[in-house]
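Enquirer: Once you've had a glance at the structure underneath, I'll fire off some questions.
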Amino acid sequence: MIRIGVSVICLLSLCIVSAQELTIKGTLRGFDEGAQVVLRDLESMEVVGTTELLNNEFSLSRFEKIDFPRTIHLSIGGETERRSDVFLFVENGENIAIHSQFENFEDNLRVENSKYYAVQQDFNSLTKELSDKRNELMQEYMQKYYGKPVDESVSESVSESYWGKDGSIGKIDSEVDNINKAYLLENANNYFSLSYIVRSFTRIEKPVLSEMYEKLDENLRVSKYGVFLKTYIDSRQMEEGMEYADFNFENKNDEKQKLSNYFDGRYLLVDFSTLYCGASQMSRPGLEKLSNMNKEKINVLTYYIDQDEEGFRNYIVDGVDNWNIIRNSDGRMNDALAQYIISGTPTYFLFNPEGVLIKKWSGYGEGTVDEIEGLIK
């Protein structure tokens, strides 16, 4: 009887796993035979599946790391010229089928058995014309800004005309934000909308976010998205003169630690960065110099914001004792990013030895290290 009972339990467990399995397959014509098909999880930035297109067909399944509904990026064709991309919001248990052809891929794209694709399309259609116009203006801006050498004053003028308060791109972004906010406020109670709310949390006023949160059912409130959103709503804005907010993370040896462990009588610079940001990469030599030249005055702590283990290991700097690289294995869905309101990288917080914030800023430039050194004299 005991053996029979164990066998039944094991079989039920297998059935549960199978029922929760995510499968993505498709028929895609016009691509090269053997074209690479790669599935990347945009939450963790990790590749979670690869295969080849054979006889115009592919199939991918059993994505253990996609543990809650999220956006994935499917690329077909690798680095070849005959390449196309699909972004889908997915959850476990779906058996999604994709059909299209290389020519006019987006117009011919047909997605079946997806719980969220129609919602995703409806949402995107609200701002499609504005997005197309924005893309045109972006190309125009890039040509003017980078097309030929200009002096700094001209560059600033060009940037202001596109990105300033009354700039052409700035106005479109504001209009898009307003359209999206209205939709999300009306349709907050699903995973797709909630994930977009969380990705856009710094562009939505807290009172509006609170209204959106109140419309969530209990399952959404206890999800990673819901917990992150509530943490942000309840958090205080970190301002200069305020004491640090503590949070948990893992160091490069996977040891559990807290921010408070790193206050040791020196200044503390907390740098939120990622391997996938050019400005973060550009900052590395400067931060290494800062660490090496000011060991007695400052401790540098780089918080790697993404979830992928490979990216974290590649970001670790060897041979610099005064530079610590940390992360949270939950990736971007964690208290630190909600409490410190990180919407871009790199973002810096400089604390005095007593744990009081004396400066915060985003972005890295030629004068960043000199500014920090001036503040810790």
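Values quoted throughout were computed directly from the atomic coordinates according to the rules given, and no laboratory measurement underlies them. No experiment lies behind these values; they were computed from the predicted model shown. Here Cβ is always computed from backbone atoms with ideal geometry, including for glycine, and neighbour counts include all displayed protein chains.
Enquirer: Hey, with R₀ at 35 Å, roughly what FRET efficiency would Glu373 and Asp246 work out to, going by the Cβ-Cβ distance, to 0.05?
Expert: 0.85
Enquirer: Okay, which of segment 60-101 sit inside 14 Å, backbone N to the point 7 Å along the Cα-Cβ direction of Glu112?
Expert: 95-100
Enquirer: Taking 41 Å as R0, compute the FRET efficiency from the Cβ-Cβ separation of Glu296 and Ser200 and round it to 0.05.
Expert: Efficiency at R0 = 41 Å is approximately 0.45.
Enquirer: Can I ask one more? Please tell me the relative contact order of the chain in percent, rounded to the nearest whole number, where contacts are Cα pairs under 8 Å and at least six residues apart.
Expert: 12 percent
Enquirer: How about segment 236-342: which trypsin sites (Lys or Arg not before Pro) there are in a DSSP loop, with at most 11 other Cβ atoms within 10 Å of their Cβ?
Expert: When the trypsin sites (Lys or Arg not before Pro) of segment 236-342 are filtered for loop state and at most 11 Cβ neighbours within 10 Å, Arg236 remain.
Enquirer: Please identify, among Ser235, Ser200, Ser157, the residue showing maximal mean-square fluctuation in a Gaussian network model of the chain using a 10 angstrom Cα cutoff.
Expert: Ser157
Enquirer: Could I ask something else about it? If you restrict to DSSP beta bridges whose two residues both lie in the chain, what percentage is antiparallel, to the nearest 5?
Expert: 70 percent
Enquirer: Restricting to Cα pairs below 8 Å that are 6+ residues apart, what does the relative contact order work out to for segment 18-118? Please round to a whole percent.
Expert: In percent, rounded to a whole number, it is 32.
Enquirer: When the helices in the chain are scored as -39500 (n - 2.57) per DSSP H run of 4 or longer and the sum is shared across all residues, what 222 nm value do you end up with, to the nearest 500 deg cm²/dmol?
Expert: Helices in the chain give a 222 nm mean residue ellipticity of -12000 deg cm²/dmol.
Enquirer: What is the spin-label model distance, in nm, from Ser131 to Asp166 if the labels are put 7 Å beyond Cα along the C-beta direction?
Expert: 3.0 nm
Enquirer: Which residues in segment 338-366 place their backbone N less than 16 Å from a point set 7 Å from the Cα of Ser159 along the Cα-to-Cβ direction?
Expert: Only 345-346, 361-366 fall inside the zone, counting backbone N under 16 Å.
Enquirer: Under 1.5 on a/c is rounded, so check that first for segment 248-375, then, if it is not, pick prolate when a/b is larger than b/c and oblate when it is not; a ≥ b ≥ c are the square roots of the alpha carbon gyration tensor eigenvalues.
Expert: Verdict is rounded for segment 248-375.
Enquirer: Arrange the following residues from fewest to most other Cβ atoms within 10 Å of their Cβ: Trp323, Trp163.
Expert: Ascending Cβ contact count within 10 Å gives the list Trp163, Trp323.
Enquirer: Still on this structure: Taking H as built 1.01 Å from N, whose amide H comes closer than 5 Å to the amide H of Lys252, not counting residues under 5 places away?
Expert: Amide H neighbours of Lys252: Ile325.
Enquirer: Roughly speaking, what is the stretch gain from Arg221 to Tyr276, that is 0.36 nm per residue apart minus the C-alpha to C-alpha distance, in nm to one decimal? Mind showing how you got there, number by number?
Expert: Values: separation 55, 0.36 × 55 = 19.80 nm, distance 2.97 nm.
Separation in residues times 0.36 nm, less the Cα-Cα distance, equals 16.8 nm.
Enquirer: For Leu185 and Met142 in one chain, what is 0.36 nm times their gap in residues minus the Cα-Cα distance, to one decimal in nm?
Expert: 12.1 nm
Enquirer: Additional query: Mind giving me the nanometre distance, one decimal, between the label points for Asn253 and Arg236, set 7 Å out from Cα along Cα→Cβ?
Expert: 3.4 nm
Enquirer: Mind sorting out which of [x] 91, 50, 42; [y] 67, 67, 44; [z] 62, 46, 41 is the real Cα extents along the principal axes in Å computed from the coordinates?
Expert: Checked against the structure: label [y].
Enquirer: Let me ask another. For segment 18-118, report the convex hull volume of the alpha-carbon atoms normalised per residue, in Å³, without decimals.
Expert: Working: hull volume 8.9 nm³, N = 101.
Here the figure is 88 Å³ per residue.
Enquirer: Treating only the Cβ of Lys, Arg, Asp and Glu as charged (+1, +1, -1, -1), what charge dipole size does the chain show about its Cα centre? Round to the nearest 20 debye.
Expert: The calculation lands at about 560 debye.
Enquirer: Now for a separate question. Take every Cα pair under 8 Å in segment 134-234 that's 6+ residues apart, average their separations, divide by the length, and report that relative contact order as a whole percent.
Expert: Reported relative contact order: 20 percent.
Enquirer: Let me know the longest stretch in the chain that avoids all GluC sites (Glu not before Pro) found in a DSSP loop with at most 15 other C-beta atoms within 10 Å.
Expert: After excluding every exposed loop site, the longest remaining stretch is 104-204.
Enquirer: Roughly how many nanometres apart are two label points built 7 Å out from the Cα toward the Cβ at Thr50 and Asp32?
Expert: Label at Thr50, label at Asp32, 1.5 nm between them.
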